[in-house]
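**Q** Let me begin by handing over the structure; questions about it come next.
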Amino acid sequence: MATEDVWEVEHLSEFLERESPTEEIGYGKCSLLSVTWYMTQTSPHSSLCGSTLEDETEIRHWIMFYLTRIRGVLPWQPLPREQLFGALKELNSHLSKRLYVSGSGFSLSDILLFYGLHKILINMSYSEKMSLVHICRWFDQIQHYPKLKPFSWLWVSCPKTSL
Amino acid sequence: MGFGDLKSSAGLQSLNEYLSDKSYIEGYVPSQGDVAVFNGVGSAPGSQYVNVLRWYRHIASYTNDERLAFPGVQKPLDQYGGASTSAPPADDDDFDLFGDDDEEEEAEAERIKQERIAAYNAKKSKKPALVAKSNIILDVKPWDDETDMKEVEAKVRTIEADGLLWGASKFVPLAYGIKKLQISCVVEDDKIGTDFLEEAITAFEDLVQSVDVAAFNKV
Amino acid sequence: MASNSESVDGVSGCYGDPDVLKVAVLKELNPTIKVTFRKCTDENSKKSVSLLLSNGFCVTAANEICRYLVKKEGGAVVSLRDWALIDYWLEWEAISLKPAILSSVINNSPSDQLLSCLTQLESHLTSNQKIVSCNEFSLADVVVWSTLLVIQSPESKLSSNIARDYPKIAQWYRSLARDSRFSSAVWAASNDKGFEGFYDFIIPSGSGKSKSTTTGGKGQSSKAEKERTQSASGLSPSSSTGDMIGQADIDKAMAHWNEGPDAAPKPRLHSHPILPIPGERNVLVTSALPYVNNVPHLGNIIGCVLSGDVFVRYARLRNYNTLYVCGTDEYGTATEVKAVKEGLTPQQICDKYYALHSEIYEWFNVDFDIFGRTSTPQQTQIAQDIFWHLYDRDLIKKDTVDQLLCTSCDKYLADRFVEGICPFCAYPDARGDQCDKCGKLINAVELKSPRCSICSSTPVVKQSNHLFLDLEKLQSPVFDWAQKSISEGVWSQNAQFITKSWLRDGLKPRCITRDLKWGTPVPLEGYTDKVFYVWFDAPIGYISITACYTDQWEKWWKNPEQVQLYQFMAKDNVPFHTVVFPSTLIGTGVDYSLLNHISSTEYLNYEDGKFSKSRGVGVFGNNAVETGIPADIYRFYLLYVRPESQDSAFSWSDFVMKNNSELLNNLGNFVNRTLSFIKSSFDSCIPVMTLSHDDSVIVVKVTQELQGYIECLERHKQRDGLKHILAISRLGNGHIQAHKPWELVKGDKNQKLLAGSLLGLCANICCLISVLLQPYMPSISKEIQNQLQAPSECNIIWDYFVPYLPTGHKIGQPLPLFKKIDDATANELKKQFSGQKQDTGASSAMGESSKSKLEAELAKQAEVVRSLKASGSATKETLDAEIAKLLELKKQLGISGASVGSKKKGKKTK
């Protein structure tokens, strides 16, 4: 499947200070959520998966939201622009109420969405970003998270709203 | 300087604008600055102050003890957020850097950026460009048992293209004396698709009945 | 934030949403789960399934909701690693499978993504019984199953492809579907609509659109199908089934093989009259009674008599004590009308057509124990007896009926002779008894703008006294009976659906008398000039025909404890067998044997349209005889395309392809090469058999196919049963191909022994095939046994594969079993039954005549040009003009010639 999965798993494993588990669980690299979930849970950073079942469900909900609505249902087929922007608007409105994607704080959902959105935001115009201020604010927060590496070294500039 | 009276609507408005593009009062982690302003606001603001509300709820989700353990030293309330009157940033790549920490913040951001560029370059030199490649095994079936499979193989190997490298092959018996050609190749994903391979091989229509992808693995 | 009205921990979703089904299954497994279903009326009210968490967050990702519910419940401890496996499949379902299925359903043709998903799942299930087997059912199984259900819908063209191309998926799917918790979840989550509910949720724009997409997708899917079958039949079996056979399987199968036929049961000898034997499995099988004055077409034949015959032959081979009853349904207006038309009495008409029916079924090798008729004294006696029981129990009501009288025909019009606009769905060509479009039963007088179907004039309404069966009073016992029968017996999906919707709508009193002469007379004073309505009367024919077979018929029909009743029909007959007839029998208060199992087929189309006697489209029973193709080949093909879960089509080109690929190249080839080789290299004697490891793996695989065959036939999956036989011969072919006995026999002693064992095994596989094939192709079965000189005691289907041909057994003369049918013959036949025989004849004749006319003109013109040239006096213009005329004529001829030539189909390369 999509090669970016490999990239994401590799970088997450660096961040978690843990080997990539694909051989332990016997499946390939075409399953971003299940592989990263397992490797996070079995790493010293298991709290990134939430501490209660409710948190866990919410975190996973947003990762699924990203996988199905933003990354594209089929990774090799990019989503039509209107659909992508519909989903981004939804995320933007969600993030108007949250500092992090999931209510409990910084979690795996922030990391995976950060990986994925980096590629999208880097290609966006200033005015497009202005329509997604809450995503930009959240993204800027996450890209300053220590040791977290984005998709590429390019820094995403986030528009300022406060003058 | 400061947000003014945080109990007044003007003060909350000012704080709301300040937090529209920031998660925390200072920097990228909760700090004593957040505690100071949090205490100044005192209670959850109305929903018209969406940014304040978001931030307030987040800070409120910590216990008092946790808040006390936030880094930094509390300063007088009016020393936070004063830059709301400063000029807009000079360019896009600038960061929201305010007050006394400006220089330091910028230097920190620059350092992270340089680190990343260095890491990226290092990686690039080690692993020259990440080219996505796939290993494909194709099953090529002939029309009948009289087809010269050697010829089939020879024809298939005549297909040349940028990003295509033929690998090992063998003849696998099917039934009634018919054999199929199983041949592997490595392709660069950007340059060669399976459609191309299938089309090119079925072009030998006198020899080839069908082509199927038997395996497809990312390298 | 918690402004949603849903209560915390309760799931809410729309009926028909496959995601809701996932939750509904979990609820069946754990009843404490709370689910609220909501009706989805249009696109806007379509909302995804949702769950409000106690932290105020509303989850809408279906699989995450399920995961939450399962984890919350606690239950068996599942390790992190097992959760990782489950999560993998949850993610796979949400990201790959579900989108692929939705787009395939919408386009009604399987997308490449779907096929690749299915291939992946198939290969996973080849080595695993369940998707994840850490528990009784894992969440992964529930979630994938629920999504796959959508393509099981009868509306969908995809389900049969799956059953055929992905046997492991099909097997896994069925094993869960058989679990009552899964099936009740299907009803619960679809608002009792079954498959259709889910289908409508995805494609809500009504039946009109789905129909057009169905036909639209047909061409594509059949092409894709063709391609896949071609490649599938080219695969060697060992590569497609994998090597997941363990030593335990080998030991078990080989133990039975080594023990030989002694442990197997012996075939039972049947002597008439066959009567139920206490303590045995007594099986009473009926096929829907064909209406006497129609010549049955291939669709009718596969729909009832042939399907019943396959089951009966199978049941006999399983040593069930089996009786197969059928006959012609003879009473009714149609017969009266036909009699008038042909200047005969109704009785003479029935005699004439009864003979025709008998001949056709005999030709098709349908082995009834009795093929009777309904116009007998037994019918009158039993029908009247049932009537009096109902009358005594106060279940007969008297009422006046508005009836339609056609003044121009001077006849009360029976329901089927009135057409008009359906009062329910406004379909313009509804019949007086039933609407073909919405399937609802209609009282003829309710039709809008009624017209006489014979003369098209508008009938007048007249009052007439009639008797009614008060079905309302029987609603509750019939409902109880149906529930019990559905849960205990084998019911086709469509039969369950039709019955449930009938009972849900509530039963109404139904008229059981008619103003006719040709029928069973009503015995009640004041009504003696009337006869019983055909649908009250006809099912009683099953009983009266049995009574004609034996005077001890009550041992079959009043013996529900010891008799299992199996009924075969097409789906239009379902309500009369599952609601009306059981109501009648239950109403008598007598303990009749009631339907236990029902197999109801969908419709078989002919090429791209329907069979039509009046237009001469399609193959009718008598035509089949005339084509010179043996009956067994028809039986094979009809069963191969048996419309089990959806409509299918008889297509000549497919017919020829199946004959040539499956029968000739696969099955026939295997039997013939095995026998010929034994004859040439082993002097026609079965060699010493010391089975190698590879041989015993084949024994295991054959045993597995055999057991799959038994399961299919028990569940009336006759299409799939046939595929298991073909898989066995494919295994045999692959085994021979892989070991090349023709080389081994030239080798040393050990190699010779290997070759001998292999051939001995293959001969015994041929023998097994001959037995399993008997229900499908009885003559071919006999021919194979003849060539094998197989002992008659091999004619038994046991759960294990045992050798009936011992070392030293002498076989007979090997001969080819099947003939190749060429494309030209197929095209010929296709043309012959296309219904445009006259038309095409005329047009091509016209083509011929215009062609010769053109040729004559051409010759004439050529002469003109020649003489002009010869004279040398013509101007250049005149000459050019005449030459142009000549060229024009030549061109015309050339075009018509080319168009004739291009009709021949070129070889397809892709």
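The values are calculated or read from the model by the stated rules, or taken from the named source; none is laboratory data. Values in this document were obtained by computation on a predicted structure and should not be read as measured data. Don't worry about glycine lacking a Cβ; one is built from the backbone with ideal geometry, like all the others, and counts go over all protein chains shown.
**Q** For region C:684-742, which residues satisfy the criterion of being touching a residue at least 40 places away in the same chain (Cβ under 8 Å), of a type outside the set (S, T, N, Q) and outside any helix (DSSP H, G or I)?
**A** Correct list: C:CYS685, C:ILE686, C:PRO687, C:VAL688, C:MET689, C:LEU691, C:ARG715, C:HIS716, C:LYS717.
**Q** Take C:GLN113 and decide whether it is at pLDDT 85 or above, in a helix (DSSP H, G or I) and within 11 Å of chain A (Cβ to nearest Cβ).
**A** no
**Q** Of all the residues that make up region B:17-50, how many are within 11 Å of another protein chain (Cβ to nearest Cβ) and closer than 12 Å to B:PHE3 by Cβ?
**A** Total satisfying the criteria: 3.
**Q** Moving on. Go through region C:485-509 and give me each residue that's within 30 Å of C:VAL292 (Cα to Cα), buried (at least 18 other Cβ atoms within 10 Å of the Cβ) and basic (Lys, Arg).
**A** none
**Q** Could you check, for region C:82-94, whether at least one of its residues is more than 10 Å from every other protein chain (Cβ to nearest Cβ), touching a residue at least 24 places away in the same chain (Cβ under 8 Å) and part of a loop (DSSP other than H, G, I, E, B)?
**A** No, region C:82-94 contains no residue that is more than 10 Å from every other protein chain (Cβ to nearest Cβ), touching a residue at least 24 places away in the same chain (Cβ under 8 Å) and part of a loop (DSSP other than H, G, I, E, B).
**Q** So, in region C:743-777, exactly how many residues are under 33 Å from the mean Cα position of the chain (by Cα), outside any helix (DSSP H, G or I) and not polar (S, T, N, Q)? Even if it seems obvious, please write down each step before you answer.
**A** Step one: filter region C:743-777 for residues under 33 Å from the mean Cα position of the chain (by Cα), giving C:762-777.
Next cut, outside any helix (DSSP H, G or I) only: C:774-777.
Within this subset, residues satisfying the condition of being not polar (S, T, N, Q) are C:775-777.
Residues meeting the conditions: 3.
**Q** On to the next question. C:LEU125 - would you say it is in contact with a helix residue (DSSP H, G or I) (Cβ under 8 Å, 6 or more places away or on another chain) and closer than 17 Å to C:ALA62 by Cα?
**A** no
**Q** If you don't mind, there's one more thing I want to ask. Only residues that are aliphatic (A, V, I, L, M), more than 30 Å from C:ALA727 (Cβ to Cβ) and modelled with pLDDT under 80: list them for region B:163-191, please.
**A** Correct list: B:ALA168 only.
**Q** Go through region C:279-296 residue by residue and tally those that are over 15 Å from C:VAL366 (Cβ atoms) and in a strand (DSSP E or B).
**A** Total meeting the criteria: 4.
**Q** Applying the selection to region C:271-291, what residues are over 17 Å from C:PHE576 (Cβ atoms) and in contact with a Phe, Trp or Tyr (Cβ under 9 Å, 6 or more places away or on another chain)?
**A** C:HIS272, C:PRO273, C:ILE274, C:LEU275, C:PRO276, C:GLU280, C:ARG281, C:ASN282, C:VAL283, C:LEU284, C:VAL285 - these are the residues of region C:271-291 that are over 17 Å from C:PHE576 (Cβ atoms) and in contact with a Phe, Trp or Tyr (Cβ under 9 Å, 6 or more places away or on another chain).
**Q** Look at A:SER93 and say whether it is hydroxyl-bearing (Ser, Thr, Tyr) and either more than 15 Å from the chain's Cα centre (by Cα) or modelled with pLDDT under 80 (or both).
**A** Answer is yes for this residue.
**Q** Continuing with the same structure: List the helices (runs of 4 or more DSSP H) inside region C:307-411, counting only whole elements, that have at least 2 residues being farther than 26 Å from C:VAL522 by Cα and among the hydrophobic types (A, V, I, L, M, F, W, C).
**A** Those helices (runs of 4 or more DSSP H) span C:307-317, C:346-363.
**Q** Does C:LEU356 qualify as being among the aliphatic types (A, V, I, L, M) and in contact (Cβ under 8 Å) with a residue 24 or more places away in the chain?
**A** Taking the combined requirement at face value, the residue satisfies it.
**Q** Right, another one. Just give me the residues in region C:271-321 being closer than 19 Å to C:ASN622 by Cα, among the β-branched types (Val, Ile, Thr) and surrounded by fewer than 23 Cβ atoms within 10 Å (Cβ to Cβ), in sequence order.
**A** C:VAL295
**Q** Which one of these is in contact with a Lys or Arg (Cβ under 9 Å, 6 or more places away or on another chain) and more than 24 Å from A:ASP140 (Cβ to Cβ): B:ALA10, B:ALA69, B:ALA44?
**A** It is B:ALA44.
**Q** What is the one condition in (1) closer than 15 Å to C:PRO816 by Cα; (2) surrounded by 22 or more Cβ atoms within 10 Å (Cβ to Cβ) that C:LYS782 does not satisfy?
**A** Going through the list (1) closer than 15 Å to C:PRO816 by Cα; (2) surrounded by 22 or more Cβ atoms within 10 Å (Cβ to Cβ), C:LYS782 breaks only (2).
**Q** Against the conditions (1) surrounded by 22 or more Cβ atoms within 10 Å (Cβ to Cβ); (2) facing another protein chain (nearest Cβ under 10 Å), where does A:ARG98 fall short? Just the number, please.
**A** Checking A:ARG98 against (1) surrounded by 22 or more Cβ atoms within 10 Å (Cβ to Cβ); (2) facing another protein chain (nearest Cβ under 10 Å), the one that fails is (1).
Conditions (1) at pLDDT 80 or above; (2) under 27 Å from C:ALA495 (Cα atoms); (3) under 29 Å from the mean Cα position of the chain (by Cα), marked per residue:
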{"residue": "C:ASP399", "(1), (2), (3)": "yes, no, no"}
{"residue": "C:LEU405", "(1), (2), (3)": "yes, no, no"}
{"residue": "C:CYS409", "(1), (2), (3)": "no, no, no"}
{"residue": "C:PRO423", "(1), (2), (3)": "yes, yes, no"}
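**Q** Against the condition buried (at least 19 other Cβ atoms within 10 Å of the Cβ), in contact (Cβ under 8 Å) with a residue 24 or more places away in the chain and touching a Pro at 6+ places or on another chain (Cβ under 7 Å), how does B:VAL52 come out, does it pass?
**A** Spelling it out, B:VAL52 is indeed buried (at least 19 other Cβ atoms within 10 Å of the Cβ), in contact (Cβ under 8 Å) with a residue 24 or more places away in the chain and touching a Pro at 6+ places or on another chain (Cβ under 7 Å).
**Q** From the residues in region C:67-81 that are crowded, with 17+ Cβ neighbours inside 10 Å and within 10 Å of another protein chain (Cβ to nearest Cβ), which one is farthest from C:VAL25 (Cα to Cα)?
**A** By that ranking, first place goes to C:TYR68.
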